[in-house]
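Enquirer: Structure in structure tokens, see below.
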């Protein structure tokens, strides 16, 4: 980034839970300036504090206190170089398509386009190289685009898991099997989301669609981008070495922070030892850091030696929620290695991922800022 | 049981959490009469309500309101045909040995003798046949015993898991692999147990010794009793077909009810389908029922069709806590089948198991009532 | 009740939280038989288990498993001698009026008619004498009614408070001042009700309309029924001695059981001592008991001597939720006496009150059974 | 403070909950440098991370990672100009007396000396003028002291209440009556403190000694310091106008943040209106701010207009926990005005108060820095 340059950004779904996180994070961003806020027609025309039911522990940033909320129509956002979407899935499909068609660069937290064969699904600490497909996404659009595109980030539960897995594959080669049980925070369901009667003194061993997301998204994210004979790029879904993934997802009475117990089997025989795994996790660095993305964690993975960590309440703010915490790395009597991973679902699991993705796109010149 | 006969029983550790459960359950038992209560020297001599910090949702049963608490010495319990122990592990070892040496039949919830090669570790809905080792336990004692013995029940988290696994092995033959993640209630840690600062808005991905218990106890319980050349019996630890078990244990902010996500691999190829598994679980019956044990559940396993069950708050009182609930039976992309199991850790996971074990011992004539 | 006679009853709002409680309680009632279930048009025509999102800890009673849900129209309930309403306030107004107009006896848990000058607001352990206004309610209806009427019960938070206050007024004469702070369970808000994000690790110091209800309903309930010159009855709103009431209502992360801290000033000087208050509370008996209502608590108020009781989790099932618990009776340095009261908001605070009201109406001949 | 000057401070009870808060806050203090850490003999000699069971959401500050823990003996702290005590009450009495006798300036969070007639009990946003008694405390000590003294801060629940009350007395003159019900966080009980079995899905309507503290400390703090004929100073306990205080204290399942419902009666007739009260609260400023204490809140009281605020989870970090939040200011039908107040018990309710007290003592020259 050129010294002193600032980039106008817009936020769709600005009044929702994810939108509030975007505002909180972007209000103090060194590169990005919140320029436009978008929400539903019933919020449009109101100043932001009247439109939003603010639920963050810090007050509404002064930068948006006087801003008026607009409808989520591309015309209202033409002066934004980047638009972030925190829209709900039931409306994100059409709106995000319209923004891309209007040649706007859009970074979405919604699930709608994650399975699109031309849309990259990027966890910024794992697979920023997938930005390489954007040229093709633009070229295949009708009409072709010069600036517009959609980049999605992963489901909040997938995100926390793939980061240490990426570290392991980088150090020890491909994984063959992954068994994961998640214990997910209520904030992952948005607001009002989970009824208190369903979760106080309780857990719910089911989150609709969540296991399928983990089992599918993991393959797209950890897989590569390959070119066919005609030069067309596609996602290989980890085809270089098939990876079987089994997820069991649970909702637990935790406010923020998704915890998962993970067991993996490596292709490499013999597999690495727990100590080797610990060292590989602790040493893991990413492009987001080396390229100077301001929202990237300084350190990606905190490896705990204490027997009872990570815990969501104590560790979810690690690296302001942009890093992940791993603990209890030990041998698995059935697969090879098991461990516990904790990621902040409202930070790296959602808005922070979108923002680092945008930072990477700026640094790599995919966005013309 | 002969009509109208009642058996005097004693309770050790009567003031603690498990002891309070024994009292609640036994105060309305058709066969057993609470005759003596034992606790620590500082409680001895007090009437029960003064000695106990009662924490149950029902009041102290009238049958024990006037009872005096005694020290846990065999001399005080000679008129009890059966003694139940809810003692903490740090004192259970010596006291339980002394009771056995005094020729008293003792059913213990403590962990101390679970690994003893002559002590059966019995989940009453799974392996009551292991009572067959008691003759040997008595014979090898010095001096030999005529009535005394120790029977233990399993750890609360093991119990819930082995019941559906026993149903599966009964229907489909041996299991080869078991991967389990538990989400365990705070009551499993006793009182005061888990600090509220450690568990409110939090989970703790570690319970000391718990994973080892699940990985070891499962083998003893699901395994058989074999005779060697000299006629000596021993536990075969599932040697007929080696079973690898991997457990990851978590404490969650739930009051009662341990939930577990379970993945299993069968020896049989092809493995049973989810529907076959559901049917086998629902059809599972046990000796405890057919022999008329009054505390046995009428139905052992409730198989849920709803996608989001079982849940601890809604399902922990199934069969008054004596049955277990299973749901979400589906294929596992890594092993064969995965499902969710819920068991009430303070009922079938603790006192209720001990009581049904005693009922089985009476019915089978192991206890002379 | 004549031996063996059973009365057909209907339940409106049968699929909701209060309706589920009505079903649970009435499925084992000695006098009443659940004969018809009513709910919204989108539930009508379905069998009950398909229509209801059952959230009770006990399963759906077999008596209603095969019952079909009907629309809440009087024509569907003409063969019911009594109809209970667990309807939400937004629909209860018109529906309940229609049922009364169809000459049906209706006992409502909704707030809509509580302030009606001809409708009694009855806490069955406090003011069953207010049933005396029903003749007038029927006579003033156009056209006059022979069997129909509406009886309401109080708001769940009011109910718990007025029971001990009635005991105090019975023993020591009128109260002059009442200051109450409530800590109310989430179940009081229905389902889905309170979002978990609003109440986990939190309290909310506001419940819409609740303080006004306590401040107003208390006067109607504790007040008398007076006749004017023309023989018209009206509620005197405690006019025999003005009572000032101040309430502060809070939502807390408790599932069931409303707790309140209460300070009162008596008209009588000197005021009674804490010990006199304790004795008066413990001795309090009501018509509901002496008249043999089967759902009335055997003992109305449990007075705790322990310093830290009552607590919702330990005491909310006192008398199966039909009684209330009081503790910490002591002098108040500002008013006269202060204490803590706990009542089960889903039992005596809701469905149980309606049911005892109906039992009283049967016993007193107000309902022709 | 002179530019660039730094003051060495020590922390007693450094491994406990309050000690951990002292370390977190003081590790980034502009005036104070953590120089010595004191704890129990079993911690002495260990480096801090080995001695403490760290439970804060931020990691152990680097400044203390290598520090060795000492026994709490004055000899170990002679090079500290100020010592903060986070000791438990059962040991604080003797240790704090020894430190004062060694002529060390000590600011204590413990309760032991709060009722001492020569020890000021200071809520820094309320009564810093009470520091005036320190000269007398030193002079009456045997032998007289030149630098040493004890200053205490108030109980965590008292602190939050007296701040808005001080604002009201400043604006409208003396209060006559105060009725308060608290809903206190579990962190107020230290670690392990409240058992999770006592507070999950529960409240406990009793905290030992807490009501007495509020009823007594409020008078000392809001009262004045008066001189008798012989020039001896004493605390007048609000004798200029007697104030009756009645408190009801409850423990609730909230991690941090004590909420209270407060009703007050003013001496002034007619009393101020709710709007006048709101304005007086919002306008309240204190010496701690005007004298430039770096830990004082920029704004003391946040007055909420939203009907459902303050809430602990959303408002406890107001002013980094150094300010208090008030909402729902309205008329009280029994006394004059009622409102809700929230204060962060681990910040302004504990360590932050001690630190601002020390800052005030430095600014006023009571401590020779």
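Enquirer: Grab the DSSP H runs of chain B that are 4 residues or longer, score each as -39,500 (n - 2.57), total them, divide by all residues and round the 222 nm result to the nearest 500 deg cm²/dmol.
Expert: Calculated at 222 nm, the ellipticity per residue is -7500 deg cm²/dmol.
Enquirer: How big is chain B along each principal axis, measuring the range of its Cα positions in Å and listing the largest first?
Expert: The Cα atoms of chain B stretch 59, 56, 39 Å along their principal axes.
Enquirer: Modelled label-to-label distance, residue C:68 and residue D:54, 7 Å Cα→beta-carbon offset: nm?
Expert: Spacing of the two 7 Å Cα→Cβ label points: 6.8 nm.
Enquirer: A further question follows. Modelled label-to-label distance, residue A:232 and residue A:116, 7 Å Cα→beta-carbon offset: nm?
Expert: 1.7 nm
Enquirer: Which one of C:190, C:148, C:209 has the biggest mean-square fluctuation once chain C is modelled by GNM with Cα springs under 10 Å?
Expert: Largest GNM mean-square fluctuation: C:209.
Enquirer: Rg (Å, one decimal) plus Dmax (Å, integer) for the alpha carbons of region D:157-344?
Expert: Answer for region D:157-344, Rg first and Dmax second: 16.9, 57 Å.
Enquirer: Indicate, rounded to the nearest 5 percent, the antiparallel portion of the DSSP beta bridges found entirely in region A:156-344.
Expert: For region A:156-344, the DSSP antiparallel bridge percentage is about 70.
Enquirer: Using a 10 Å cut-off around each Cβ of peptide C:317-325, what is the average number of partner chain Cβ atoms that fall inside? Walk me through the numbers on the way to the answer.
Expert: On the way: counts 3, 3, 0, 0, 0, 0, 0, 0, 0.
The shielding value for this peptide is 1.
Enquirer: Follow-up question, since we're still on this one. Per residue of B:111-117, how many C-beta atoms from partner chains lie within 10 Å of its own C-beta, taken as a mean?
Expert: The mean count of partner-chain Cβ atoms within 10 Å per residue comes to 0.
Enquirer: Separate question: Evaluate 2.2 N^0.38 Å with N set to the residue count of region D:250-356, then give the Cα radius of gyration divided by it.
Expert: Details: Rg = 14.4 Å, N = 107, 2.2 N^0.38 = 13.0 Å.
Rounded to two decimals, the normalised Rg is 1.11.
Enquirer: Round to a whole angstrom and tell me the spacing of the C-alpha centers of region D:74-89 and region C:5-23.
Expert: If we compute the Cα centre of each part, the gap is 66 Å.
Enquirer: Shifting gears a bit: Angle, helix C:156-172 long axis vs. longest principal axis of chain C, Cα atoms, 0 to 90°, nearest 10?
Expert: Once rounded, one gets 50 degrees.
Enquirer: I'd like the distance separating the alpha-carbon centroids of region B:31-46 and region A:101-126, in whole Å.
Expert: Value for the Cα centre distance between the two parts: 67 Å.
Enquirer: Considering the zone a paramagnetic label at residue B:290 would reach in this model (a point 7 Å from Cα along the Cα-to-Cβ line), which residues of region B:331-369 have amide N under 20 Å from it?
Expert: What the label zone holds, given the 20 Å backbone N cut-off, is B:356-366.
Enquirer: What per residue convex hull volume, in Å³, do the alpha-carbon atoms of region D:1-55 yield?
Expert: That works out to 78 Å³ per residue.
Enquirer: Take the Cα gyration tensor of the protein assembly as shown, multiply each eigenvalue by 5, square-root it, and list the three semi-axes largest first, rounded to whole angstrom.
Expert: Values for the protein assembly as shown, descending: 46, 46, 39 Å.
Enquirer: Looking only at B:357, B:76, B:153, which one moves most when chain B is put into a Gaussian network model with springs between Cα atoms under 10 Å?
Expert: Ranking B:357, B:76, B:153 by mean-square fluctuation puts B:76 first.
Enquirer: What fraction of the DSSP beta bridges in chain B is antiparallel, stated in percent and rounded to the nearest 5?
Expert: Once the DSSP bridges in chain B are tallied, antiparallel ones form about 45 percent.
Enquirer: With everything on Cα atoms, drop me the angle between helix B:210-222 and the longest principal axis of chain B, reported from 0 to 90° to the nearest 10.
Expert: Orientation of helix B:210-222: about 90 degrees from the principal axis.
Enquirer: If you take the beta carbon distance between residue B:298 and residue B:27 as r and set R0 to 25 Å, what does 1/(1 + (r/R0)^6) give as a FRET efficiency, to the nearest 0.05?
Expert: Values: r = 21 Å, r/R0 = 0.84.
The calculated FRET efficiency here is 0.75.
Enquirer: Could you tell me the center-to-center distance, by alpha carbons, between region D:208-287 and region C:200-272 in angstrom?
Expert: 27 Å
Enquirer: For the pair residue A:76 and residue B:208, how long in nm is the line joining their label points, each one 7 Å along Cα→Cβ?
Expert: Rounded to a tenth, the inter-label distance reads 5.8 nm.
Enquirer: Picking from C:131, C:335, C:314, which is most flexible by a Gaussian network model of chain C using Cα springs under 10 Å?
Expert: Maximum among the listed residues: C:314.
Enquirer: By how many degrees, 0 to 90 and rounded to 10, does the Cα axis of helix A:17-26 deviate from the longest principal axis of chain A?
Expert: So the inclination is approximately 80 degrees.
Read-outs: derived from the displayed coordinates by stated rules, not from any lab. In this text the structure is predicted, and so the values were computed from the model without any measurement. Cβ: placed from backbone, ideal geometry, glycine included. Neighbour counts: every protein chain shown.
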